[in-house]
Amino acid sequence: MALLEARGLGLQLPDRSAVQRFGRAPVTSIFSGVDFTVEAGESVGIVGESGSGKTSLARTLLRLYEPTAGSLHFKGRDISRLPEQELRPLRAQFQSIFQDPLSSLNPRHRIGTILAQPLLAYGRVRDRRAGWREAGALLERVGLPPAFVDRFPHELSGGQRQRVGIARAIALKPDLIVADEIVSGLDVSTQAQILVLLRELKTDGALIFISHDLSVVRVLCDRVLVMRQGEIVESGRCAELFANPAQAYTRALLGAIPLPDFDPGWAVRGDPDEERKDQQQEAVKMKIAGSVALVTGANRGIGRSYVKTLLAMGAKKVYAAARDIKGVEDLVKANPGKVEAVRLDVTNEAEAKAAAAKCKDVSLLVNNAGANGSSGALAAGSLDAAHREMTVNYFGVLYLTRAFGPVLKTNGGGAIINMLSVVSRVNIPALGTYCASKAAAWSLTQAARAELAKQGTLVVGIFPGAVDTDMAKGIDMPKLDPNDVASIALKAVETGTEDVDVGDMAQGVAAGLLANPKKVEKEFAAYLPG
Amino acid sequence: MSALLDIRDLDLQLQARQPLRLLRRVSLQVAPGQIVGLVGESGAGKTMVSRVVLGIAPANTCVTHGSIVFDGRDITHLTEQQRRHLLGREIAFIPQNPMTALNPVERIESQITDVLRMHLNLDRTGARDKAVTLLREVHLRQPERILRQYPHELSGGMRQRVLIATAFSCKPKLVIADEPTTALDVTVQKQILQLIRELQRNSGTSILFITHDLGVVAKLCDHVVVMHGGRVLESAPALKLFASPGHDYTRALLAATPRFDRPGDELRPIPAVLTQRLADEARALDARDM
């Protein structure tokens, strides 16, 4: 026999906002057709947006409201229309914890009185003194000093008050506790304490836990019901429902939870289901796990990070391409069968073609190799560095994109990552020619993206600020960890994101360019020495 | 890039028989166009920082050390009059509780237009037209109707949109948002965060975003400052902080955040040992400085 069983439960209340003169208020349906059971000792979460009817449902389950439809059985007994007098003895067996502990604790009573009250009302203790003693023991169970019996609610912090609320709910050792949004007013660390406490106490009885935050429900509950506009739209065991939500609404609820993972695109993206539709039409994405990648300039800096991160993310094989393959020998040795060295000078079109002919299984091309002569455009003595930058940073990308385009096509579309830079978006005159070559590479990225779209190739442009590598040794500013850059770039491939500004500086510049491009230009111009 | 808001070594003291230190050498910078997250538990001092910047620190407190420079100007000690020009126009504020931040007996219209008329010198009709545009920009439908309504007729999310519209109305250089989404449910929270991000991108405004929720920071902020016990424990780019948190306390906060996607992870409240250690460190600092 189930502890609590609701069959076709519904509630209608008069809509007071629509009262007509001399008439009765029209009734409005709060929830309807709610079916579910709670077994002894089980914990069930009810989630939904505000206004979805969760709190009204909770109050009906506690028989604070009388349901207008359906039936509610507690331990086999129909309590849905039981008068209050007959309900009273049963109430000891289902207790509640409310959202706002300040308004649910009598401000003029000491904690001892508050906790002794239910005990006295149900004759569990003989007198007030015994009630207070018991109150002290209850406080200890919820991790508060027993001396708190003498305090008033306003003398406690929010987390402490919520503990008192819990202590009152467990005072009568009920079989069922209904907790309505009891952690949403608390900060993260207090919330964690309360959740851990509830989980410890949970073994004693069943719990119905109401929340809008699915992460919290996941911590505490065995099963979960998802409510929307007064109806249960989905229910199931937590493990299954979270892994594979069937309803778009559930996915939207999950997508709305900000997980503590860095993701600047989150607040820009819309509804995950809408997104999915958009992506089906537009952006392609690709799983790194099982893919075969070729990384240019793999002998140092971000290139090495790419090789390692690719393997960590489950890539099947990585071609570590470098002009001098001695620099990648250790990678090959450390990952036998996984990493293969490829001799490749990106400035040589014939070598690019040869590499494409050799590495036929590549589905991800990482154009990472770069050159930086570190000089102003007009100040430089010789133009060799400027030529070299253009040949590596622009022509190198062009040669490889042309050579590997057909390879990617035969392997199902695949993806290309072009390592651009924040300076693709704006020139730092102190590195004038380098920036110009990176701007050219960005322009080329846009062209490749458009041309390769029809064969289903994703072309990702990565715009990092200064990265902590040999190439940026002389630059004096906060630098990004190359491993972070590589993993962000690869995640962009997995999510089908086309352009990613990586790091504070790059994001600041991108935002600044949107607001006032001239200002950013002037600001960078100021870095020109002398 | 020089910072728009530059707080250096700020100390705030509660003037009582036993002076109490509320802020301990707090330094933080907000660059132009940047969103900086200020994270910490209740009592960490994050709201105090914002109140000092806004010049509305409690009357019995006093800045005893350090400076606040905004847009090249020292604003640590301003007169009421000087501050009036700054607040609303150059520094705007989005409060935590949209339920109490609006005057319940005034229509929405006057609450928005008061700000516009004061700072932008608009007349009644001009201010009204501008208010309609602003409400459209925060994606409120039927703005004319909303202007005629009272706060209690709007939902929490709608009220927060009204407050955001007011905050961005005079194109401020800096917006300070103090837990603007804590009172809202996750779905509405996401909409509000998207709105803040959108307005920020369009205007290039800097934002100091105060919250206890590391999740919100991870999605919105470029840079993160972690506070505890009135001092800054860690300050790092968001990318760096979430990839490899530098301070034990940051790691503890992350471990205390429940995540539905990692059911295997044990939820761990902040260890008492750590809290004790931080309190000891704070006491040592006080012995040094006071």
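Applying a 10 Å radius around every beta-carbon, put A:442-451, A:340-349, B:181-190 in order of their mean neighbour count, most first.
Details: A:442-451: 16.6, A:340-349: 19.8, B:181-190: 22.6.
Taking the mean over residues of other Cβ atoms within 10 Å, the ranking is B:181-190, A:340-349, A:442-451.
From other protein chains only, count the Cβ atoms within 10 Å of every residue's Cβ in A:191-201, then give the mean.
Values: counts 7, 10, 4, 1, 4, 5, 1, 0, 1, 0, 0.
That average works out to 3.
Give me the extension gain from A:Lys75 to A:Glu349: residue separation times 0.36 nm, minus the current Cα-Cα distance, reported in nm with one decimal.
Numbers: separation 274, 0.36 × 274 = 98.64 nm, distance 7.94 nm.
My answer for the length gained is 90.7 nm.
What order, most packed first, do the peptides A:381-387, A:352-358 have when packing is the mean number of other Cβ atoms within 10 Å of each residue? Write down the numbers at each step before the final one.
Working: A:381-387: 12.6, A:352-358: 17.9.
Ranking, from highest mean packing down: A:352-358, A:381-387.
Calculate, in nm to one decimal, what A:Lys518 and A:Asp100 gain on full extension: separation in residues at 0.36 nm each, minus their alpha carbon distance.
Working: separation 418, 0.36 × 418 = 150.48 nm, distance 5.11 nm.
Length difference between fully extended and current span is 145.4 nm.
Take the Cβ-Cβ distance between B:Ser42 and B:Ser67 as r, set R0 to 30 Å, and report the resulting FRET efficiency rounded to the nearest 0.05.
0.65
So in chain A, what percent of DSSP beta bridges are antiparallel if you round to the nearest 5?
The antiparallel fraction comes to roughly 30 percent.
Measure nothing but the geometry: give the 0 to 90° angle between the long axis through the Cα atoms of B:108-120 and the longest principal axis through the Cα atoms of chain B, rounded to 10°.
That helix lies at roughly 80 degrees to the long axis.
Can you order the peptides A:144-151, A:427-434 by their average number of other Cβ atoms within 10 Å per residue, highest first?
Details: A:144-151: 16.2, A:427-434: 21.5.
Per-residue Cβ counts within 10 Å, averaged per peptide and sorted highest first, yield A:427-434, A:144-151.
Suppose each label sits 7 Å from its Cα in the direction of the beta carbon; what would the A:Phe22-B:Glu80 distance come out to in nanometres?
Going from the A:Phe22 label point to the B:Glu80 one covers 5.5 nm.
Please average, across the residues of A:479-487, the number of beta carbons from any other chain that are within 10 Å of each residue's own beta carbon, and give a whole number. Mind showing how you got there, number by number?
Values: counts 0, 4, 5, 0, 2, 6, 1, 0, 1.
Average neighbour count from other chains, rounded to a whole number: 2.
When we measure straight from the Cα of A:Lys54, which lysines land under 28 angstrom away, once same-chain ones fewer than 8 places off are left out?
Those lysines meeting the cut-off are A:Lys75, A:Lys173, A:Lys202, B:Lys190, B:Lys219.
Run lengths n ≥ 4 of DSSP H only: what is the helix-derived mean residue ellipticity at 222 nm for chain B, with -39500 (n - 2.57) per run over all residues, to the nearest 500? Each step should come with its number before you reach the end.
On the way: 11 runs with 119 residues, N = 290.
Mean residue ellipticity at 222 nm (helix-derived): -12500 deg cm²/dmol.
Determine, from the Cβ-Cβ distance of B:Asn103 and B:Thr125 and an R0 of 25 Å, the FRET efficiency 1/(1 + (r/R0)^6), rounded to the nearest 0.05.
Values: r = 22 Å, r/R0 = 0.88.
Computed FRET efficiency for B:Asn103 and B:Thr125: 0.70.
I'd like the distance between the alpha-carbon centres of the stretch B:91-159 and the stretch A:50-116, rounded to an integer number of Å.
39 Å
Net charge within 14 Å of B:His119 by Cβ-Cβ distance, Lys/Arg positive one each and Asp/Glu negative one each, not counting B:His119 itself? Let's see the in-between values first.
Values: positive: B:Arg83, B:Arg84, B:Arg89, B:Arg117, B:Lys130, B:Lys171, B:Lys173; negative: B:Glu90, B:Asp114, B:Asp123.
Its environment carries a net charge of +4.
Averaged over its residues, how many other protein chain Cβ atoms are within 10 Å of peptide A:213-225's Cβ atoms? If you can, show how the numbers build up before the last one.
On the way: counts 6, 5, 9, 3, 2, 7, 7, 2, 0, 0, 0, 1, 0.
Mean inter-chain Cβ contacts per residue within 10 Å come to 3.
Hydropathy at least 0.0 by Kyte-Doolittle, axial extent at least 15 angstrom from the Cα trace: which helices of chain A, defined as entire DSSP H runs, fit? List each step's numbers first, then the result.
Details: long enough: A:111-121 (16 Å, 1.62); A:128-141 (20 Å, -0.98); A:158-170 (18 Å, -0.38); A:188-201 (20 Å, 0.96); A:301-312 (17 Å, 0.51); A:396-410 (22 Å, 0.73); A:432-452 (30 Å, 0.08); A:482-495 (20 Å, 0.33); A:503-515 (18 Å, 0.98).
Span-like helices, by this rule, are A:111-121, A:188-201, A:301-312, A:396-410, A:432-452, A:482-495, A:503-515.
Label points 7 Å out from Cα along the Cβ direction at B:Gln276 and A:Asp470: separation in nm?
5.0 nm
Relative to the longest principal axis of the C-alpha atoms of chain B, give the angle of the C-alpha long axis of helix B:156-168, reported between 0 and 90° and rounded to the nearest 10°.
So the helix axis and the longest Cα principal axis differ by about 90 degrees.
Distance cut-off 24 Å, Cα to Cα: go down the list A:Lys287/A:Lys338; A:Lys333/A:Lys353; A:Lys287/A:Lys479; A:Lys338/A:Lys360 and report the pairs above it.
On the way: A:Lys287/A:Lys338 17 Å; A:Lys333/A:Lys353 26 Å; A:Lys287/A:Lys479 28 Å; A:Lys338/A:Lys360 15 Å.
Listed pairs above 24 Å: A:Lys333/A:Lys353; A:Lys287/A:Lys479.
Given points 7 Å out from each Cα along the Cα-Cβ axis, report the A:Leu528 to A:Arg388 separation in nanometres with one decimal.
For the pair A:Leu528/A:Arg388, the computed spacing is 2.4 nm.
If R0 is 41 Å, what FRET efficiency do you get for A:Gln446 and B:Arg262 from their C-beta distance, rounded to 0.05?
Taking R0 as 41 Å, the efficiency between A:Gln446 and B:Arg262 is 0.65.
FYI, it's all coordinate maths here, none of it is from the lab. Quick caveat: nothing in here was measured; it's all calculated off a predicted structure. A quick note on method: Cβ atoms are made from the backbone with ideal geometry, for glycine too, and the neighbour counts reach across all protein chains shown.
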